[in-house]
Structure formats: structure tokens, C-alpha cells
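Student: Below: one structure in C-alpha cells.
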Amino acid sequence: MTLYVAPIVEGRTEVRSVERMLQRAWVELLQGPERLQVLQPTRGNRDALIDTNRDDLANKLGQGHAKLSQQLVRDSAGRGLLLLLLDAEGDCPKELAPALLQAARQAQGNADIACVLAKHMLENWIVGGASTLAGVNGLPDPLPERSQFEECSGAAWLEAQLRKKNKARKYKKTADAEIFVRFMNVAECRANCPSFDKLCRELAARLPGPGRGAGTDAL
């Protein structure tokens, strides 16, 4: 049996990184006994997606649901999950996530939906698991001690570290994040970043077995 995940994301960083992030969480942290297949992410503008007075969220969920439906026609034994994965940025995840999940369920009430907001941004998850990134892709070795993993700009932290070795080096979201996600310590990230733990818990709720598949709340 296969769990098909259709992500709805906001940026090219997520488009290029989300499959590996989900696969690593599924295999390495959850030891998922069935296959996980991540479909091509559906990308939307964050400000439009979080505006529940607009139709953008419903439209993007509809696109993701159509991708899942195509797969499930071919694989009648498979299961599908719509995953709304956005950066919290300056918003409070505890306030925004429930509102988005409610809006998503109203738009696609017959689908299994999860909503996860990375606090502050996806790059904070990379910082949270950076113990294995020393010397990787232009980062210095050793890396400095880290704290408050989800309270600052993860992208700014990564760029500051890259510039220690090369003052002209910039953090390139579309290329660098994919490499860092490949080599980061996902177990450490889960321990350091509650919002990444939320993603893991949503996936864990879809593991096969009695009572599984109902999902978790939005927090």
C-alpha cells in the first residue's frame, strides 16, 4: 500500500526540498512500513493562501486533490493526504494553523488534510538539525553553538555561516536548502523544533494500523 502526499507550498525552497524532507521523516524517524510517494507540490502565494476571504487556498487544494485523485484511480489500494505546508513567518502558528485547517476542510471536506506551519520558516528546521552540516556546501567547520532554533531567521543564520568562509557567499534558497535537507540531522531537528515535530506527528497519524489515519489537530 502507498500513502500519496500532495503538498501545497509557498516557495521554490519547499518545491525542491519537501519530498526529501518528508521521505526522511517517514523512513528514518517513523520507520513507515508502507511506501510514501510525494507528488509534485502545488505552489501558491503565501499571503493569498492564508487570506481566508480569498479563493486561493480552495483553488490550490483543488489542484492538489486532483493530483491525488489521478493517483488513486491507478492505485485503488492507496491512500491520499493533502498537506498544507507553509512558513509561519511573523504569524503565530497556534492562531493561524487552526483557521487554515478549518478553511481547508470546508473547501475539501472529503479529503484527508493536514496543516503544518514551519516556525519561522523551513530554514529554521535546517538550523535545528545542523549538527551534521559542518563543512557541508560551504558551511564552516565547526559550526557555532545554536539555541532558540525557531525564534530567529533560519535563512539569515545560514547566510551568516556561509559568509564566514566566503564573504561574497549568499544563501541560495533554491539550491542550498535541498543540499542541507539531504544531510541535516532529522532526529535532532525533531527534538529542537516543535513545528517539525508537528509534521512528524501528522505523518505518524497516517501510519497503517488500527485507529490510524484520522490525523491530528492543527497545533
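Student: Given the criteria modelled with pLDDT of 95 or more, touching a Leu at 6+ places or on another chain (Cβ under 9 Å), exposed (fewer than 15 other Cβ atoms within 10 Å of the Cβ) and of a type outside the set (Gly, Ala, Ser), does Arg35 qualify?
Tutor: On the way: modelled with pLDDT of 95 or more: yes; touching a Leu at 6+ places or on another chain (Cβ under 9 Å): yes; exposed (fewer than 15 other Cβ atoms within 10 Å of the Cβ): yes; of a type outside the set (Gly, Ala, Ser): yes.
Here the answer is yes, as Arg35 does meet what is asked.
Student: May I pose another question? Select from segment 13-55 the residues that are of a type in the set (Ser, Thr, Tyr) and assigned to a loop (DSSP other than H, G, I, E, B) and list them in ascending order.
Tutor: Once the filter is applied, which keeps residues that are of a type in the set (Ser, Thr, Tyr) and assigned to a loop (DSSP other than H, G, I, E, B), segment 13-55 yields only Thr52.
Student: Here's another thing I want to ask about it. When you check Ala48 against the structure, is it in contact with a helix residue (DSSP H, G or I) (Cβ under 6 Å, 6 or more places away or on another chain), small (Gly, Ala, Ser), surrounded by 21 or more Cβ atoms within 10 Å (Cβ to Cβ) and assigned by TED's automatic domain parsing to the domain that holds Gln102, yes or no? Break it down stepwise before answering.
Tutor: Numbers: in contact with a helix residue (DSSP H, G or I) (Cβ under 6 Å, 6 or more places away or on another chain): yes; small (Gly, Ala, Ser): yes; surrounded by 21 or more Cβ atoms within 10 Å (Cβ to Cβ): no; assigned by TED's automatic domain parsing to the domain that holds Gln102: yes.
The answer is no for Ala48.
Student: Among the listed residues Leu57, Leu82, Leu86, which satisfies the condition of being more than 20 Å from Met121 (Cβ to Cβ), among the hydrophobic types (A, V, I, L, M, F, W, C) and touching a residue at least 40 places away in the same chain (Cβ under 8 Å)?
Tutor: Leu82
Student: Are any residues in segment 84-106 buried (at least 19 other Cβ atoms within 10 Å of the Cβ) and of a type in the set (Gly, Ala, Ser), and if so, which ones?
Tutor: Of all residues in segment 84-106, those buried (at least 19 other Cβ atoms within 10 Å of the Cβ) come to 84-88, 93, 97, 100-101, 103-104.
Correct list: Ala88, Ala97, Ala103, Ala104.
Student: Residues to consider are Ala130, Ala118; find the one that is within 26 Å of Gly154 (Cα to Cα), within 16 Å of the chain's Cα centre (by Cα) and surrounded by 17 or more Cβ atoms within 10 Å (Cβ to Cβ).
Tutor: Numbers: Ala130 fails: within 16 Å of the chain's Cα centre (by Cα).
Answer to the check: Ala118.
Student: Just for segment 163-174: of the residues that are in a loop (DSSP other than H, G, I, E, B) and in contact with a helix residue (DSSP H, G or I) (Cβ under 8 Å, 6 or more places away or on another chain), which one is surrounded by the fewest Cβ atoms within 10 Å (Cβ to Cβ)?
Tutor: Lys170
Student: Sticking with this structure for a sec: Looking at Ala177, Ala160, which one is surrounded by fewer than 22 Cβ atoms within 10 Å (Cβ to Cβ), of a type in the set (A, V, I, L, M) and outside the structural domain of Gly80 (by TED's automatic domain parsing)? Break it down into steps so the answer makes sense when it comes.
Tutor: Numbers: Ala177 fails: surrounded by fewer than 22 Cβ atoms within 10 Å (Cβ to Cβ).
Answer to the selection: Ala160.
The values are calculated or read from the model by the stated rules, or taken from the named source; none is laboratory data. Here the structure is a predicted model, which is why all the values come from computation and not from measurement. When we count neighbours, we look across all protein chains shown, and the Cβ atoms used for this are built from the backbone with ideal geometry, even at glycine.
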